[in-house]
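Down below is the structure, laid out as structure tokens.
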Amino acid sequence: MPLAQPVRVLELFCGIGGCAAALPARSEVVSAVDIHRRALEVYRLNFPHPTAVRTIESLRDEDFRRWRADFWWLSPPCQPYTRRGRQRDLEDPRAASLRMLIGQIQRQRPRHLALENVPEFRSSQAHRELRQGLQQCGYRVLETQLCATQFGLPARRRRFYLVASLDGMLELRAPACTRLPLSDCLDAEPSPELAVPDELWDKYQAALDVVDSRDATACCACFTSAYGRSPVRSGSYLRTNEGLRRFSPREILRMLGFPAGYRLPEAIATQQAWPLVGNSLCVPAVRHVLGAIPELAETEAPKLPPCSSRQ
Ligand SMILES: C[S@@+](CC[C@H](N)C(=O)[O-])C[C@H]1O[C@@H](n2cnc3c(N)ncnc32)[C@H](O)[C@@H]1O
């Protein structure tokens, strides 16, 4: 029997590669595009795929024709749809890239595509335009909302997912998993720089979300790109025998279900890594959503996230 061709994947807004980490080995990423140089440095450390430091708006029809991708992954900026980002929707300049891609989808008609965003995206004008474009081209569409906790991970991350295909799609079953205790996600030797100064505690203690390292059922708040910069509503703090501290970027990656072998550059500062990991994806949730596309569905039982805390 002839071997099936690998599915050609175009990873748009690829960041540090949350989608690449979820793809099955039989796929081939033809390009991973992002404007953020440091995010792409992290991406290249982990994946051998071709990358492009480009704005999505600068991509031309010929780029898409050259890539001939079967599947497009899109994780566009979420600020246009969040309350913190003032919910300006398509009026927000950060939504221009998605609008441009809606036009490209209609021209290029990839066989399959998927998009991830915040739950508020579901009621946006951008969502309406995307759905209209997909309908005009005859795509079947499946939408769902998933939280990282449904995959046993000890941090909330509720996100909206849309999958569209010109072919048949598989039904998405409820995720099944075992719970990963918070203690399994912690660094063996946490850096002293994670310690929270007393002044921060004194000023914000009523508003801080604190979890205990000995609590086997502890679940952190969603970590955002503002973690480490904005003291409140950007993620949880950890109470240990040594005092209160922040979570390290590696710990957050484990709570997002990144595989054990995933690396951050030795030289990257914690303050630089926090926004990158806070912007990224819940890997098992992406893997679950890819399961709607027969060529990208896991053939074996999904591997669970258990990232080692000893690396
Ligand atoms: C929500 S994050 C997605 C992160 C990614 N999925 C990951 O796993 O790390 C959005 C990403 O889009 C990139 N971005 C935002 N606007 C862009 C644009 N106009 N062109 C290219 N990349 C853009 C940001 O640098 C960021 O990495």
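Here, each number is a calculation from the coordinates, and none is a lab measurement. Since this is a predicted model, take the numbers as computed values, not measurements. So basically every Cβ, Gly included, is an ideal-geometry build from the backbone, and we count neighbours across all protein chains shown.
Remarks
- Percent of Cα pairs in the chain per distance bin of 10 Å, from zero to the largest separation: 6, 27, 35, 23, 8, 1, 0.
- Each label was represented as a point 7 Å from its Cα along the Cα-to-Cβ direction; for Arg122 and Ser230 these points are 2.2 nm apart.
- For trypsin sites (Lys or Arg not before Pro), the sites in segment 155-219 that DSSP calls loop and that have at most 12 other Cβ atoms within 10 Å are Arg173, Arg214.
- Across all Cα atoms of segment 182-275, the radius of gyration (one decimal) and Dmax (whole number) stand at 12.8, 38 Å.
- Relative contact order, percent, segment 193-307 [alpha-carbon distance under 8 Å, six or more residues apart]: 24 percent
- Between Asp209 and Arg44, the simple spin-label model (points 7 angstrom out along Cα→Cβ) gives 3.5 nm.
- Ratio Rg/Rh [Cα only; Rh per Kirkwood] for segment 43-176: 0.96
- Here the label points at Leu90 and Asn241, each 7 Å from Cα along the C-beta direction, are separated by 5.8 nm in the simple model.
- Extended-chain gain in nm, criterion 0.36 nm per residue less alpha-carbon gap, Arg263 and Asp187: 26.0 nm
- Scalar couplings 3J(HN,Hα) for segment 74-88, obtained by applying the Karplus form with A = 6.51, B = -1.76, C = 1.60 to θ = phi - 60°, are 10, 10, x, x, 9, 4, x, 10, 8, 4, 4, x, 6, 6, 7 Hz; x denotes Gly and Pro.
- Ratio of Rg to Rh over segment 55-94 (Cα coordinates, Kirkwood Rh, two decimals): 1.13
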